[in-house]
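One structure is given below, encoded as structure tokens.
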Amino acid sequence: MNIAEKGTELDFLEIAQSLANEFAKTAVQRDKQGGTAKVERDLLRKSGLLSLNVPKHLGGHGENWETIFRITRELAKVDGSLAHLFGYHFLCLASVHLYGSKQQKERLYRETAEHDWFWGNAFNPRDQGLVVKQEGNSLRLNGKKSFCSGATDSDRLLISAKSPEHDQPVIAVIPTKRSGIVVGGDWDSFGQRQTDSGTVMFHDVLLEEEEVLNSYEQHQDGFFPTLRTHIAQTILVNVLLGVTEGAFEEAKTYTRSISRPWLTSGVEQANLDPYTIRHYGDFFVQIKASEALAQNAVVALQEAWDNEWALTEQERGECGIMIATAKASVAKTALEVTSRMFEVMGARATSAQYGLDRFWRNVRTHTLHDPIEYKIRDLGNWALNGQVPEITPYS
């Protein structure tokens, strides 16, 4: 399918569904292998979907966040890792819009569309292990970053580095293959096994002045750059929800075609067992509630994004409340559905040949990176005291 001939959200979703069907063929095998999904990443490059948020006049498709998140969910139904990489590609690219100058944004948007670049990150704000120093007339990067999702096989890296001269981190975009950069390939989590979220080492890496993103001189007090955490959270909401929806579909197929009724159930087919039906009804309610909250979060984020530098602290905070509400609901639903689904499938469903445990492993891995208890604390403070969350790297 030629994306150049397409131009609507439904067209892009059709392309995503075609890719998801292809990814599904090897999902179980690749989950066991871990490592880099090179073939699948190249298919994403060739699809043209990596330019969705690039403005049309710069060679992209000018799509909004709703389209990006719908596609993220579609991919997550069959492969949580690739959905994560897809979403984070746009998080990194959008960071240029948030932190960079107009000239930097236009150049990097245009080059991404022209070359089908896949972006990775070495941005982890909690990791202070990467330092930038002035050496003569040049800047040099030394140290390491952890949880660098998508760094392997990426074309550009979004980085954040500590500077001895400044309180604010130095944020920049550099070629992944620049001399001195070593992508570790050491990601060994039991879930999200093909996100390449390991370590990146920097050994005396050159950083050009024009690669540093710095729009703060004009907008010292703006809240627009702080939307990056909201974007990241909304990506994860949609990854978790998509994985849950994929697990639900797999469980239904298995229950109807493979599961055996319990010997005292009094029914001849497992899908007619009233207890099994009751479980599925419960799953359905939880998923539909989470879907609605996720959609509310997407709408809130798009409105905040459209406000750009006019965004107020209160508007930013209320957007965060909508996203945190969705995150709390989706995370709980994801963990419950991907675990309890085995109760309606039976013991044989635990066989390694089906790989059905990957859904739970993926959501369990994601939900540990951002404890839901702190989201619920923020929501309680909003509900009781009308106080929006404090601006932090994770709120």
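Residue pairs whose Cβ atoms lie under 9 Å apart, sitting 6 or more positions apart in sequence or on different chains, and linking a residue in segment 69-80 that is at pLDDT 95 or above to a partner that is among the hydrophobic types (A, V, I, L, M, F, W, C) and not in a helix (DSSP H, G or I), are ILE71/LEU52; ASP79/ALA37.
Residues that are out of contact with any helix residue (DSSP H, G or I) (no Cβ under 8 Å at 6 or more places or on another chain) and free of Cβ contacts under 8 Å to residues at least 60 places away in the same chain: does segment 243-261 have at least one? Yes, segment 243-261 has at least one match. Residue count for segment 116-160, restricted to those that are under 20 Å from GLU209 (Cα atoms), of a type in the set (S, T, N, Q) and surrounded by 16 or more Cβ atoms within 10 Å (Cβ to Cβ): 3.
One line per residue, one yes/no per condition, for (1) crowded, with 23+ Cβ neighbours inside 10 Å; (2) assigned by TED's automatic domain parsing to the domain that holds LEU335:
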position	(1), (2)
GLY180	no, no
GLY184	no, no
GLY191	no, no
ASP196	yes, no
ARG228	no, yes
THR234	yes, yes
VAL239	yes, yes
GLY242	yes, yes
PHE248	no, yes
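Candidates are the residues of segment 250-291 that are surrounded by fewer than 12 Cβ atoms within 10 Å (Cβ to Cβ) and either of a type in the set (Gly, Ala, Ser) or not assigned by TED's automatic domain parsing to the domain that holds ALA328 (or both); the one that is nearest to LYS25 (Cα to Cα) is SER257. Look at segment 90-117: where a residue is hydroxyl-bearing (Ser, Thr, Tyr) and a partner is in a helix (DSSP H, G or I) and surrounded by fewer than 20 Cβ atoms within 10 Å (Cβ to Cβ), sitting 6+ places away or on another chain with Cβ atoms under 7 Å, you get TYR99/PRO225; TYR109/LEU58. Residues in segment 338-372 that are in contact with a Phe, Trp or Tyr (Cβ under 6 Å, 6 or more places away or on another chain) and closer than 20 Å to LEU75 by Cα: THR338, ARG361.
From the list ILE277, ILE321, exactly one residue is in contact (Cβ under 8 Å) with a residue 24 or more places away in the chain and part of a helix (DSSP H, G or I). Which is it? On inspection, the qualifying residue turns out to be ILE321.
The values are calculated or read from the model by the stated rules, or taken from the named source; none is laboratory data. Since the model is a prediction, treat every value here as computed from it, not as a measurement. All Cβ positions, even for glycine, are placed from backbone atoms using ideal geometry, and neighbour counts span all protein chains on display.
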